[in-house]
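Asker: One structure, as structure tokens, below. Some questions next.
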Amino acid sequence: MYQEKLMGKKGRTLILAYDHGLEHGPIDFNLNSADPDFIFDIAVKSKVSGVVVLSGLAEQYGRKYGFFLPLIVKLNGKSSIGEGEPYSAQFCSVERAAKLGASAVGYTIYLGSEEEAKIFKEFGQIVEEAHSRQLPVIAWVYPRGKAVKDDLSTEILAYAGRTALELGADIVKLKYNGDFEGFKWVVKNAGLCDVVVAGGEKEEDPLSFLRSVKEVLDAGAKGVAVGRNVWQSENPLGMLDALTKLIFHDVPPEKAVMYVNKI
Ligand code: FBP
């Protein structure tokens with residue numbers, strides 16, 4: 001309902017995710033992508049619909065770049081070091097995110113975790129506060145925990161999308177399992193909560209990644225919220241250009257990939 005400000009042509013969106021420094025640690029980065037200035041710079045140049053950061057980066061870099069592009073401040077996060085049932089604690093309030101210039105807020109829900117009740121309660125309060133400030137809420141919904149047998153089954157992805165709708169998210173970020181027909185069911189169940197798809201680990205072949213993006217768009221998703229497949233690319237700006245052409249101008253993947261190959 002509040003997501004229009006993150007939507008571009010055709011009601012679609014291209015969000016650059018950069019919360020990995022906490023979620024995965026610097027192992028995801030190289031000398032370029034470890035530098036937030038590098039990421040903000042390519043995001044501004046390619047006019048992405050928004051950049052996902054945690055509150056620390058929003059605080060340190062927001063003043064420099066927040067004027068040029070929408071900041072999506074992720075309110076919770078966790079490292080990849082601990083074990084046990086997943087729970088990503090909220091460490092930034094909606095109020096603080098708003099003061100940092102957020103255009104939207106994000107939150108990760110681990111559907112099926114033993115901590116689910118706590119997660120839902122926290123998320124409900126975030127939706128209430130964010131919507132009272134007209135801020136869109138993006139829910140990362142990742143089915144996870146020992147009760148979850150297959151986090152990529154079409155049924156559980158549809159459950160994840162539906163959960164986001166029922167809990168009041170404006171946009172839900174899901175993983176794609178490669179089941180094109182099944183993903184239509186996933187999108188259907190998310191209703192007016194727009195579906196965007198995570199990029200996942202970097203694919204060796206950029207064309208294969210772009211083809212999967214085209215598939216999710218054809219299945220009804222509104223775009224991507226992608227990290228590693230952009231900034232781990234040999235040509236991050238080229239990959240953003242290719243995604244822009246594909247998502248907003250319907251350029252086929254086979255043509256869009258030329259922007260990646262043009263270094
Ligand atoms: P990628 O496009 O790099 O997969 O990023 C998507 C994302 O959701 C990030 O926002 C987040 O840091 C990461 O994946 C979490 O992934 P996981 O919990 O599966 O390790």
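The values are calculated or read from the model by the stated rules, or taken from the named source; none is laboratory data. The shown structure was predicted, so the numbers you read here are calculated from the model rather than taken from an experiment. Cβ coordinates were reconstructed from backbone atoms using ideal geometry, including for glycine residues, and neighbour counts include every protein chain displayed. The accessibility values were calculated without ligands, DNA or RNA, using every heavy atom of the protein model including side chains. Shrake-Rupley method; radii C 1.70, N 1.55, O 1.52, S 1.80 Å.
Asker: Starting from 0.36 nm per residue, how many nanometres of slack lie between Asn30 and His131 once their C-alpha separation is accounted for?
Answerer: On the way: separation 101, 0.36 × 101 = 36.36 nm, distance 3.69 nm.
Stretched out fully, the Asn30 to His131 stretch lengthens by 32.7 nm.
Asker: Can I ask one more? Determine how large the accessible area of Glu203 is when every protein chain is in place; take a 1.4 Å probe and give Å² rounded to the nearest 10.
Answerer: 60
Asker: Here is a further query. Under the classification rounded if a/c is under 1.5, otherwise prolate if a/b is larger than b/c and oblate if not, where does the range 120-173 fall, given a ≥ b ≥ c as square roots of the Cα gyration tensor eigenvalues? Before the final figure, lay out the partial values.
Answerer: Working: a/c = 3.24, a/b = 2.16, b/c = 1.50.
Note, shape of the range 120-173 comes out prolate.
Asker: Compute the accessible area per residue over the range 50-125, keeping the other protein chains in place, probe 1.4 Å, unit Å². Intermediate values should be presented prior to the final figure.
Answerer: On the way: 3470 Å² over 76 residues.
Per residue, the range 50-125 has an accessible area of 46 Å².
Asker: Check each of the GluC sites (Glu not before Pro) in the range 106-151 and keep only those in coil by DSSP with at most 15 other C-beta atoms within 10 angstrom; list them in order.
Answerer: Details: sites: Glu114, Glu115, Glu116, Glu122, Glu128, Glu129; in loops: Glu114, Glu115.
Loop-located and lightly packed - Glu114.
Asker: Let me ask something else about it. For the range 140-178, list residues with backbone N below 19 Å from a point placed 7 Å from the Cα of Ser80 toward its Cβ?
Answerer: 140-146, 151-152, 174-176
Asker: Any lysines with Cα under 18 Å of the Lys245 Cα? List them, leaving off those in the same chain fewer than 8 positions away.
Answerer: Cα-Cα hits under 18 Å: Lys9, Lys10, Lys45, Lys47, Lys214, Lys222, Lys255, Lys262.
Asker: In Å, what Kirkwood hydrodynamic radius results for the range 12-146 from the alpha-carbon pair distances?
Answerer: Working: mean 1/r = 0.0652 Å⁻¹.
For the range 12-146, the Kirkwood estimate is 15.3 Å.
Asker: Per-residue accessible area for Lys184 at 1.4 Å probe radius, Å² rounded to 10?
Answerer: We get 80 Å² for Lys184.
Asker: Once you have a ≥ b ≥ c as the square roots of the Cα gyration tensor eigenvalues for the range 151-263, tell me rounded if a/c is under 1.5, and otherwise prolate or oblate according to whether a/b is larger than b/c.
Answerer: In terms of gyration-tensor shape, prolate.
Asker: What is the spin-label model distance, in nm, from Asn177 to Ser93 if the labels are put 7 Å beyond Cα along the C-beta direction?
Answerer: Once both label points are built, they end up 4.0 nm from each other.
Asker: Turning to a different aspect of this structure: What number does the chain give for Rg over Rh if you use C-alpha atoms and the Kirkwood radius?
Answerer: Details: Rg = 17.0 Å, Rh = 18.2 Å.
Rg/Rh for the chain comes to 0.93.
Asker: Just in the range 182-263: which chymotrypsin sites (Phe, Trp or Tyr not before Pro) are loop by DSSP and have at most 11 other Cβ atoms within 10 Å? Write out the running numbers ahead of the final one.
Answerer: On the way: sites: Phe183, Trp185, Phe209, Trp231, Phe248, Tyr259; in loops: none.
Passing sites in the range 182-263 do not exist.
Asker: Right, another one. Run down the lysines and flag those whose C-alpha is under 17 Å from the C-alpha of Lys99, throwing out any fewer than 8 positions away in its chain.
Answerer: In chain and number order, the partners are Lys64, Lys74.
Asker: Let me ask something else. Mean-square fluctuation check for the chain, GNM, Cα pairs under 10 Å: which of Asp179, Asp35, Asp170 is largest?
Answerer: Highest fluctuation of the listed residues: Asp35.
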